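The block underneath contains the structure these notes are about, expressed in structure tokens.
The values are calculated or read from the model by the stated rules, or taken from the named source; none is laboratory data. In this text the structure is predicted, and so the values were computed from the model without any measurement. Cβ placement follows ideal geometry from the backbone for every residue including glycine, while neighbour counts extend to all protein chains displayed. Just so you know, the surface numbers come from the protein's heavy atoms only, side chains and all, with ligands and any DNA or RNA stripped out. Shrake-Rupley method; radii C 1.70, N 1.55, O 1.52, S 1.80 Å.
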Amino acid sequence: MNAHLHCIQCGRTYPTDEVRYTCDCGGLLEVNRDKPNVDRKTFDERRASRKAIDQSGVWRFREAVLDVDDDVITHPEGNTRLYERNGIFFKHEGENPTGSFKDRGMTVAVTQAVHLGATAIACASTGNTSASLAAYAAQAGLKAIVFVPSGKISGGKLAQTLAYGATVLQIRGDFDAAMRLVREACDRLGIYLVNSINPFRIEGQKTIVWELLQDLEWQAPDWIVVPAGNLGNTSAFGKALLEAHEYGWIDRVPRLAAIQAHGANPFFRSFSEAFAARHRVEAETVASAIRIGDPVSYDKAVQAIRFTNGVVAEVTDEELMSAKREIDRMGIGCEPASATTLAGVKKLGLTGRVVCVLTGHVLKDADAVMKNVDPGQVIEINPTIEDVATAVKQNAPARP
Ligand code: F0G
């Protein structure tokens with residue numbers, strides 16, 4: 001298979017075994033390859049296999065992800081459920097091994113890191129990438145260093161990252177400052193960077209879209225709705241759809257809807273001006289995962305929205321928290337950032353076949369749940385049957 005790194009700005013190419021994340025011109029790099037010799041039937045057959053590389057929802061598509069033999073660092077990951085509730089589909093990426101979609105990109109970036117001979121890997125993170133990096137580094141025997149905005153990531157994500165054994169650098173600054181710092185640190189200190197600016201992360205995250213298309217028996221939906229922060233996923237989804245169409249896996253391209261929180265909306269601002277200018281903001285939102293003001297994959301995400309005739313919307317914290325409550329009450333649950341999808345569906349009035357991608361598990365941000373418990377939902381009582389009877393009577397749920 002013939003693959004290379006290709007600059008989306010100036011078109012220059014580099015070999016895939018060179019350690020680099022951007023072009024000499026500053027442009028973002030993507031992996032380009034010849035049309036892979038594999039068809040949809042093979043993907044179905046692999047779903048029944050017992051081999052980890054076939055069972056992984058990423059490596060099942062390996063011919064179109066990374067040129068590897070059996071030598072991959074896989075948990076395995078992917079194979080997340082597609083739920084249908086009230087006429088909307090929810091692809092729950094929170095069902096990945098570390099509780100977020102990041103595992104799909106991380107298995108590929110860490111496999112590539114080992115292939116390149118790296119001994120240490122790093123990222124800047126709002127919490128999910130760091131947890132995923134730590135888990136895959138542990139599996140691969142690599143040193144893990146994560147840069148997080150101090151005091152700005154959820155306790156659960158921090159604990160998870162520490163549990164898997166990573167070193168945590170708490171940066172006195174926001175995510176965007178941590179991102180700038182980790183890029184410089186990786187360049188100077190010879191550490192391999194596995195943020196989504198790394199084109200191999202994007203290759204893995206494409207499989208979210210391919211797997212949901214496979215779940216739908218390759219009948220393209222009308223809309224795929226995704227939260228937008230650092231814009232890695234938006235970029236990956238655009239590339240996945242372009243390739244799926246080019247390879248003949250789908251005959252129609254769904255439209256992308258990328259949803260931002262109002263307080264962290266630089267991409268929405270640009271979209272509103274037909275992408276006339278790139279914006280940077282001081283980000284603030286309850287959805288800490290997407291508290292990002294200067295997204296690194298901006299240029300790729302613009303291409304993704306243009307190619308899919310997509311849209312970008314913003315939702316307020318109130319709107320996304322109310323959508324989260326709805327998703328939680330369906331018995332599915334997700335973290336706040338993921339709920340921007342349902343909030344976006346409502347705001348945009350999307351109709352037809354709509355797939356919302358839920359990016360993180362409900363337990364990723366327990367604080368966000370505990371701050372929004374209904375009055376009377378938690379009742380402290382004495383250990384007596386009378387107290388139980390009173391409490392149950394007071395709080396009998398209405399039948400649906
Ligand atoms: N949803 C969740 C749960 C996330 O953790 C992230 C990003 C996004 C959505 C946005 O995706 O950046 O590809 O546009 N989290 C990163 C992290 C920044 O460090 O965990 P994106």
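Things to note:
- In region 214-235, the qualifying residues are those that are in a helix (DSSP H, G or I) and touching a strand residue (DSSP E or B) at 6+ places or on another chain (Cβ under 9 Å), and the one that is farthest from the ligand (Cβ to nearest atom) is D215.
- Any chance V108 is within 16 Å of the ligand (Cβ to nearest atom), under 19 Å from the mean Cα position of the chain (by Cα), more than 22 Å from D69 (Cβ to Cβ) and among the hydrophobic types (A, V, I, L, M, F, W, C): no
- For A264: the one exception among (1) in contact (Cβ under 8 Å) with a residue 40 or more places away in the chain; (2) within 11 Å of the ligand (Cβ to nearest atom): (1)
- Test: residue in region 143-154 that is open to solvent by less than 10 Å² (accessible area, probe 1.4 Å) and more than 14 Å from the ligand (Cβ to nearest atom): no
- S322 being of a type in the set (S, T, Y), more than 13 Å from the ligand (Cβ to nearest atom), under 28 Å from N32 (Cα atoms) and not in a loop (DSSP other than H, G, I, E, B): no
- Candidate set from region 194-218 (those that are free of Cβ contacts under 8 Å to residues at least 60 places away in the same chain and not acidic (D, E)); member that is surrounded by the most Cβ atoms within 10 Å (Cβ to Cβ): V209
- Yes/no for K393 being more than 16 Å from the ligand (Cβ to nearest atom), at pLDDT 95 or above, open to solvent by 30 Å² or more (accessible area, probe 1.4 Å) and out of contact with any strand residue (DSSP E or B) (no Cβ under 8 Å at 6 or more places or on another chain): no
- Qualifying residue in region 350-362 (condition: more than 12 Å from the ligand (Cβ to nearest atom) and in a helix (DSSP H, G or I)): no
- Residues being among the hydroxyl-bearing types (S, T, Y), open to solvent by 50 Å² or more (accessible area, probe 1.4 Å), without any contact (Cβ under 8 Å) to a residue 12 or more places away in the chain and assigned to a helix (DSSP H, G or I) are entirely absent from region 365-385.
- Scanning region 100-122 for residues that are open to solvent by less than 10 Å² (accessible area, probe 1.4 Å), within 20 Å of V226 (Cβ to Cβ) and outside any helix (DSSP H, G or I) yields a count of 1.
- Test: V168 is within 14 Å of the ligand (Cβ to nearest atom), open to solvent by 20 Å² or more (accessible area, probe 1.4 Å) and either in contact (Cβ under 8 Å) with a residue 24 or more places away in the chain or in a strand (DSSP E or B) (or both): yes
- Counted residues, region 284-299 - those being more than 11 Å from the ligand (Cβ to nearest atom) and either at pLDDT below 95 or more than 12 Å from K152 (Cβ to Cβ) (or both): 3
- Restricting A178, A240 to those that are open to solvent by less than 10 Å² (accessible area, probe 1.4 Å), within 14 Å of the ligand (Cβ to nearest atom) and under 18 Å from the mean Cα position of the chain (by Cα) reduces the list to A240.
- Selection of first residues in region 330-341 that are at pLDDT 95 or above and of second residues that are among the basic types (K, R) and within 8 Å of the ligand (Cβ to nearest atom), restricted to Cβ pairs under 7 Å at least 6 apart or on distinct chains, gives the following pairs, ordered by first then second residue: E335/K364.
- Of all residues in region 243-281 being under 14 Å from I292 (Cα atoms) and among the β-branched types (V, I, T), the one that is least open to solvent (accessible area, probe 1.4 Å): I259
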